[in-house]
1. Shielding by partners for B:287-295, please: the mean number of other protein chain Cβ atoms within 10 Å of each residue's Cβ.
2. For the stretch A:1-149, what is the relative contact order in percent, using Cα pairs closer than 8 Å and at least 6 residues apart in sequence?
3. Could you calculate the FRET efficiency of A:L188 with B:T69 from 1/(1 + (r/R0)^6), where r is the beta carbon distance between them and R0 is 30 Å, rounded to 0.05?
4. Could you work out, residue by residue across A:14-20, how many beta carbons of other chains sit within 10 Å of that residue's beta carbon, and then give the average as an integer?
5. Please give the FRET efficiency for A:R263 paired with B:K163, using the beta carbon to beta carbon distance and R0 = 60 Å, rounded to the nearest 0.05.
6. When A:H175, B:H250 are ordered from fewest to most other Cβ atoms inside 10 Å of their Cβ, what list results?
7. Can you give me the distance in nm between label points at A:V220 and A:S298, each placed 7 Å from the Cα along the Cα-to-Cβ direction?
8. Per residue of the protein assembly as shown, what 222 nm ellipticity follows from adding -39500 (n - 2.57) for every DSSP H run with n ≥ 4, rounded to the nearest 500?
Amino acid sequence: MDCRVLSIQSHVVRGYVGNKSATFPLQVLGFEVDSINSVQFSNHTGYEHWKGQVLTADELHVLYEGIKLNKVSQYDYVLTGYTRDVSFLEMVVNILQELKIINPSLVYVCDPVLGDNGAMYVPEDLLPVYRDKVVPVADIITPNQFEAELLTGKKISTEKDAIEAIDMLLAMGPHTVVITSSELLSPLGDQYLVALGSQTTVGLDGTKKKQQIRMDIPKVDAVFVGTGDLFAAMLLAWTHHHPNDLKTACEKTVSVMQHVIKRTISYAQDMAGPGIRPSPAQLELRLVQSKVDIEEPSIVMEATVL
Amino acid sequence: MDCRVLSIQSHVVRGYVGNKSATFPLQVLGFEVDSINSVMSTGKARCLLQMSFTSFMRASNSTKSASMTTYLQVLELMSKRTPLLLLTGYTRDVSFLEMVVNILQELKIINPSLVYVCDPVLGDNGAMYVPEDLLPVYRDKVVPVADIITPNQFEAELLTGKKISTEKDAIEAIDMLLAMGPHTVVITSSELLSPLGDQYLVALGSQTTVGLDGTKKKQQIRMDIPKVDAVFVGTGDLFAAMLLAWTHHHPNDLKTACEKTVSVMQHVIKRTISYAQDMAGPGIRPSPAQLELRLVQSKVDIEEPSIVMEATVL
């Protein structure tokens, strides 16, 4: 297949977020993954303690220069996620623009991580950078409901609002937008969360088509970290294999998530013991143990075409 | 299986050396891999642009850093029954190496059955390619606390002070290394003449085990490995990682562990050289970029290596 991904995300020594969450699954699916670690931390920030070091925008630039000098800067995909620094994000945009000149068919998969549940958990000055500089050069984005609201300025209370917000995001640049989770009420009841996606494709005759889907995903009573990073990586993989079929790409992506989450919560509960809430350490995604599900996800979730 | 490996090696953005070479194969074999990246660079040894992250592990020369303390605290929560392994390779920094030894001692308190697999990278073909002051640190501090080591012939000579010209010399050098601490020593490559001729290089290994009745046994093996006319980088790191995996599965059977390890190497190398030659074109020597190990593409061989190499028991 020889598809090369440049992934610029965090590295944790222990556990699965950022590059740790994205790299193994993509490699298992046959992608070459070049990874720039934006930070190196002992573990993710959901633990009681976390310590480590951060890569600056200048250092990112230096690493990229090394790649350019060796003339190995041909990438098929760029993947980015959680970032806290404006100048780092701007450097990512500069790098991406150069890489797109080298390979005009490069696909940029961007998780525009800003916050959740109504609160930002990155500095506020990242919002205009994502909205005005990053999203316009992205091809596939995976905001949650709150991030979609921030990026469009549009409050989402109904499915109709969400579709309109997605349309606004599509108009900003990306051809594929997936709202990965929302507060919308699912037709299946309150034990489900709603995800929505939209993809525009251009047919051979030049006509534009749009596929819109909804997925009703069972909620799990636990806080997982790294699932958004895994989602973006798997969406990259499955839209690669199904470029004009968002329904199938999302069904596979969400199915993989379900398998990993089920295995993780089951293990975590065994480790914690009956009636005790598992710790963040126990809730680390069971990625290595889910290799077979990652390679060939059995579909446990169907998307509804809207 | 739930076996955890702490691997302290380099990270390269592109390609396969250090942690990049070790992590994916170990994960594919079901090991949880915690990786501390000692450096992050965009290429291999000769690349000018690299960031040192040694301060991840140490705050000052002898004190471990806050990040290391935090990592160890999380590790302490693990069950002592969960197998824990430490893997180290190429490093250029004396105090970094000394910090690894300190960390190892703390890890052994957390889990007394920890296994330390150490590739004592010093040099090759008669020349050192790390600072000379690493030699006494490896010899006097690191090797004595290692369980499995994978020196090449030159490194075995440096660590023992013994010149190796014959297989008998090599076995004696291995015995000296076993006496220093490790229970398993594999000389991964040598200049010795193979019985199969000069298209083969000789690797030798020795493992001491203690039987249930307390008797000590030693298994010595030789492997005759086909040479390939190319320079690969990262193969030593892959070898050490795979030897870790296969000795874990075959703890008292160095013959099988080495046959699987060397077979994996052969599959990966064959696939790599074939791809590199396709990319370079007929008659043209492939570039370093083209010779990056085809690890991702070798996943099935890594998971279940078909044995293409038999070890001779000496």
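1. For this peptide, the per-residue mean of nearby foreign Cβ atoms is 2.
2. Details: 247 pairs, mean separation 30.7, N = 149.
Contact order relative to length: 21 percent.
3. Working: r = 46 Å, r/R0 = 1.55.
Computed FRET efficiency for A:L188 and B:T69: 0.05.
4. On the way: counts 11, 3, 1, 0, 0, 1, 4.
Per residue, the average neighbour count from other chains is 3.
5. Numbers: r = 54 Å, r/R0 = 0.90.
The formula returns an efficiency of 0.65 here.
6. B:H250, A:H175
7. Simple spin-label model gives 1.7 nm for this pair.
8. Helices in the protein assembly as shown give a 222 nm mean residue ellipticity of -11500 deg cm²/dmol.
Computed from the coordinates by the stated procedures, all read-outs in this text should not be read as laboratory data. What you are looking at is a predicted structure, and each value in this text was computed from that prediction instead of being measured. Positions of Cβ are generated from backbone atoms using ideal geometry, with glycine treated the same way; all protein chains shown enter the neighbour counts.
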